[in-house]
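As structure tokens, the structure follows; a few thoughts come after it.
Each reported figure results from applying straightforward, stated rules to the coordinates on display, with no laboratory input. From a predicted model like this one, the values you see are computed outputs, not experimental measurements. When we count neighbours, we look across all protein chains shown, and the Cβ atoms used for this are built from the backbone with ideal geometry, even at glycine.
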Amino acid sequence: MLQVLLALAFGLAGLAKLVRSREALAPRMGWVMAFPAWAVTAIGAAEVAGALALVLPGALGVATVLVPVAAGCLAVLMLGAVVTHLVRKEPPLAVPATVLLVLATVLAATRGTSWPI
């Protein structure tokens, strides 16, 4: 369940970064104007790839070891988001990124153990 929720959150956020311009994203994601367009696109692609890697291995029954790896990579991505928001003096915007960071870390740490998520 947790991995599906994370996949939805990262998939939707990443897709927005892939299909919308920085100018269109700026009202809700002011940080995008401080990064080159290619970096915003790369972040979006990483989020979409991570979202797919959270659900596809389990759905297909193949390479399920990728689920905690993907969760760990997404946690690192969210650590960068938290740092970016704090450096830009945007603590309220760091809160959602922190929540995603914690959830992705929990998934990475517990996936494959006997504790169900």
request  = Check MET33, MET1 and return the single one that is surrounded by fewer than 15 Cβ atoms within 10 Å (Cβ to Cβ), farther than 26 Å from VAL106 by Cα and either out of contact with any His (no Cβ under 6 Å at 6 or more places or on another chain) or polar (S, T, N, Q) (or both).
outcome  = MET33
message = Quick check on THR41: is it within 19 Å of ALA16 (Cβ to Cβ), surrounded by fewer than 17 Cβ atoms within 10 Å (Cβ to Cβ), among the polar types (S, T, N, Q) and out of contact with any helix residue (DSSP H, G or I) (no Cβ under 6 Å at 6 or more places or on another chain)?
response = yes
Residues of the range 67-83 satisfying the condition of being crowded, with 17+ Cβ neighbours inside 10 Å and either over 28 Å from VAL32 (Cα atoms) or over 11 Å from the mean Cα position of the chain (by Cα) (or both) = VAL67, PRO68, VAL82
request  = Consider only pairs whose beta carbons are under 8 Å apart and that are at least six residues apart or on different chains; among these, list those whose first residue lies in the range 98-110 and is among the β-branched types (Val, Ile, Thr) and whose second residue is not in a helix (DSSP H, G or I).
outcome  = VAL106/ILE117; THR110/ILE117
ask   = In the range 44-69, how many are at negative phi and out of contact with any helix residue (DSSP H, G or I) (no Cβ under 9 Å at 6 or more places or on another chain)?
value = 2
